[in-house]
Amino acid sequence: MAGHAPGGALPLILLVVSCCGRVVSGASPAAAALRRVGSGSGGLCDQLLLPLGYPCTEHTVETKDGFLLSLQHIPHGKNKAADSTGPPVFLQHGLFQGGDTWFINSAEQSLGYILADNGFDVWIGNVRGTRWSKGHSTFSVHDKLFWDWSWQELAEYDLLAMLGYVYTVTQSKILYVGHSQGTIMGLAALTMPEIVKMISSAALLCPISYLDHVSASFVLRAVAMHLDQMLVTMGIHQLNFRSDMGIQIVDSLCDGEHVDCNNLLSAITVIRKGTFAKYDYGLLGNLRRYGHLRPPAFDLSSIPESLPIWMGYGGLDALADVTDVQRTIRELGSTPELLYIGDYGHIDFVMSVKAKDDVYVDLIRFLRENGWHNSY
């Protein structure tokens, strides 16, 4: 994804890639699956769910600014009766990923399959610019304006459209589960009354809002290089790390200073020092858009205290640093349930083959206790 022209603090354009397999050397089964998905024809249902016997249908919603987003619906597990569907749970993927993230490992190890097999009515979100959501009512992916947005639009437009669709179809409040970028979107969205009214509880894996203590070397070096400004100047609005240009950029970021780029998935996001705020358009741009010289902050304390929240975070996370997560927790109006795993990094919560036991057992307990009522 390309973003608006950079301004203010330390924004880095969040870049959408078609495939990260070249650099995700630490998770070869997942990387291999990522390479397979998206290379053939058909949607996510055809490629991953239906061949394994899971019911799955494709849906498309349009955002207020014209983006056409793909959703997948798995109403129950492959061994469940169609009339035994539980509450709707919406899974929002993280950085550099798509809805297939929730199905990367085996059916016994991936959260998407596990939730369906446990009776939940599973819905999968795919934000604009990802491999499953590259449509627009006016623009094509080759148009500069197609990429003129930041993560803020993902929360205010994409989540609103997708959650609104699920809420309308199911006539039920939704259990929200997000990872990485899906948590920064979720936290921002939960400050919006028109979205939070549709949510019964929220589970956040590696929650991101503040990024004062990012230690991911790839990110820090990209910021120092002013990578966002460089790409905009070159007219690049979408970066595919499999292309010659993408490989050269990765090599320049990873070479020479022992920068660890093995886990690119935890590497690039929008960095804002000291505040969890809307996009910074510069002084004049902020004045025109917000009526203030500085972008307004997302007020985490405005998230209703009555909304149950669960957070899972790790001691080896170089992006969702423990100190920043603790600051997020302090600013919430309520006290969330917490799961801390000292030896988990940013991507382990969705791609580790041990996450079923380490993470998902407690996550599903939380979802059952805070959204599964007697009518299901």
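Name the residue that is surrounded by the most Cβ atoms within 10 Å (Cβ to Cβ), counting only residues in the stretch 192-205 that are touching a residue at least 60 places away in the same chain (Cβ under 8 Å) and touching a Leu at 6+ places or on another chain (Cβ under 7 Å). Walk me through it before giving the result.
We begin by selecting, within the stretch 192-205, every residue touching a residue at least 60 places away in the same chain (Cβ under 8 Å); these are 196, 199-205.
Cutting the leftovers down to touching a Leu at 6+ places or on another chain (Cβ under 7 Å) gives us 196, 199-203.
Numbers: VAL196: 17, ILE199: 23, SER200: 19, SER201: 22, ALA202: 28, ALA203: 30.
Result: ALA203.
Which residue, of GLU337, GLU331, is out of contact with any Asp or Glu (no Cβ under 8 Å at 6 or more places or on another chain), open to solvent by 20 Å² or more (accessible area, probe 1.4 Å) and within 23 Å of ILE174 (Cβ to Cβ)?
On the way: GLU331 fails: within 23 Å of ILE174 (Cβ to Cβ).
None of the others qualify; the one that does is GLU337.
Matching residues to (1) at pLDDT 95 or above; (2) open to solvent by less than 30 Å² (accessible area, probe 1.4 Å); (3) touching a Pro at 6+ places or on another chain (Cβ under 9 Å); (4) under 28 Å from THR191 (Cβ atoms):
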residue: ASP65; (1), (2), (3), (4): yes, no, no, yes
residue: PRO88; (1), (2), (3), (4): yes, yes, no, yes
residue: GLN97; (1), (2), (3), (4): no, yes, no, yes
residue: LEU115; (1), (2), (3), (4): yes, yes, no, yes
residue: ILE124; (1), (2), (3), (4): yes, yes, no, yes
residue: HIS142; (1), (2), (3), (4): no, no, no, no
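Could you list, in sequence order, the residues of the stretch 312-352 that are among the hydroxyl-bearing types (Ser, Thr, Tyr) and in contact (Cβ under 8 Å) with a residue 60 or more places away in the chain? Break it down into steps so the answer makes sense when it comes.
Narrowing the stretch 312-352 to residues among the hydroxyl-bearing types (Ser, Thr, Tyr): 313, 323, 328, 334-335, 340, 344, 352.
Correct list: TYR313, THR323, THR328.
Restricting attention to the stretch 352-364, does a residue exist that is over 20 Å from PRO308 (Cα atoms), modelled with pLDDT under 95 and in a helix (DSSP H, G or I)?
The answer is no, given that none of the residues of the stretch 352-364 is over 20 Å from PRO308 (Cα atoms), modelled with pLDDT under 95 and in a helix (DSSP H, G or I).
Are any residues in the stretch 308-351 among the hydroxyl-bearing types (Ser, Thr, Tyr), closer than 21 Å to LEU190 by Cα and part of a helix (DSSP H, G or I), and if so, which ones? Reasoning before the result, please.
Narrowing the stretch 308-351 to residues among the hydroxyl-bearing types (Ser, Thr, Tyr): 313, 323, 328, 334-335, 340, 344.
The next check asks that each one be closer than 21 Å to LEU190 by Cα; those that pass are 313, 328, 334-335.
Matches in the stretch 308-351: THR328 only.
Look at LEU239 and say whether it is part of a loop (DSSP other than H, G, I, E, B), modelled with pLDDT under 95 and open to solvent by less than 10 Å² (accessible area, probe 1.4 Å).
Values: part of a loop (DSSP other than H, G, I, E, B): yes; modelled with pLDDT under 95: yes; open to solvent by less than 10 Å² (accessible area, probe 1.4 Å): yes.
Yes; evaluated as a whole, the condition is true for this residue.
Every residue in the stretch 316-328 that is surrounded by fewer than 17 Cβ atoms within 10 Å (Cβ to Cβ) and farther than 17 Å from LEU300 by Cα, please. If you could, list the steps in order and put the result at the bottom.
Of all residues in the stretch 316-328, those surrounded by fewer than 17 Cβ atoms within 10 Å (Cβ to Cβ) come to 316, 322-323, 326-327.
If the condition is that a residue be surrounded by fewer than 17 Cβ atoms within 10 Å (Cβ to Cβ) and farther than 17 Å from LEU300 by Cα, then LEU316, VAL322 are the ones that fit.
What's the number of the only condition in (1) part of a helix (DSSP H, G or I); (2) within 14 Å of the chain's Cα centre (by Cα) that GLY164 fails to meet?
(2)
Applying the selection to the stretch 340-374, what residues are of a type in the set (S, T, N, Q) and open to solvent by 50 Å² or more (accessible area, probe 1.4 Å)? Steps first, please.
The initial filter retains those residues of the stretch 340-374 that are of a type in the set (S, T, N, Q), namely 352, 370, 374.
Hit for the stretch 340-374 is ASN374, nothing else.
Pairs, please: C-beta under 8 Å, at least 6 apart or cross-chain, first residue within 20 Å of ILE184 (Cα to Cα) and in the stretch 155-168, second among the acidic types (Asp, Glu)?
Taking only residues 6 or more apart or on different chains, the pairs are TYR157/ASP65; LEU160/GLU194; ALA161/GLU62.
Does TYR167 satisfy the criteria of being open to solvent by 10 Å² or more (accessible area, probe 1.4 Å), under 17 Å from MET311 (Cα atoms) and either touching a Pro at 6+ places or on another chain (Cβ under 9 Å) or at pLDDT below 95 (or both)? Working first, answer last.
Working: open to solvent by 10 Å² or more (accessible area, probe 1.4 Å): yes; under 17 Å from MET311 (Cα atoms): no; either touching a Pro at 6+ places or on another chain (Cβ under 9 Å) or at pLDDT below 95 (or both): yes.
It is false that TYR167 is open to solvent by 10 Å² or more (accessible area, probe 1.4 Å), under 17 Å from MET311 (Cα atoms) and either touching a Pro at 6+ places or on another chain (Cβ under 9 Å) or at pLDDT below 95 (or both).
The values are calculated or read from the model by the stated rules, or taken from the named source; none is laboratory data. Please read all numbers here as calculations on a predicted model, not as lab measurements. Using ideal geometry, Cβ is built from the backbone for each residue, glycine included, and neighbour counts are taken over all protein chains shown. Note: accessible area is taken over every heavy atom of the protein model, side chains too, but ligands, DNA and RNA are not part of it. Shrake-Rupley method; radii C 1.70, N 1.55, O 1.52, S 1.80 Å.
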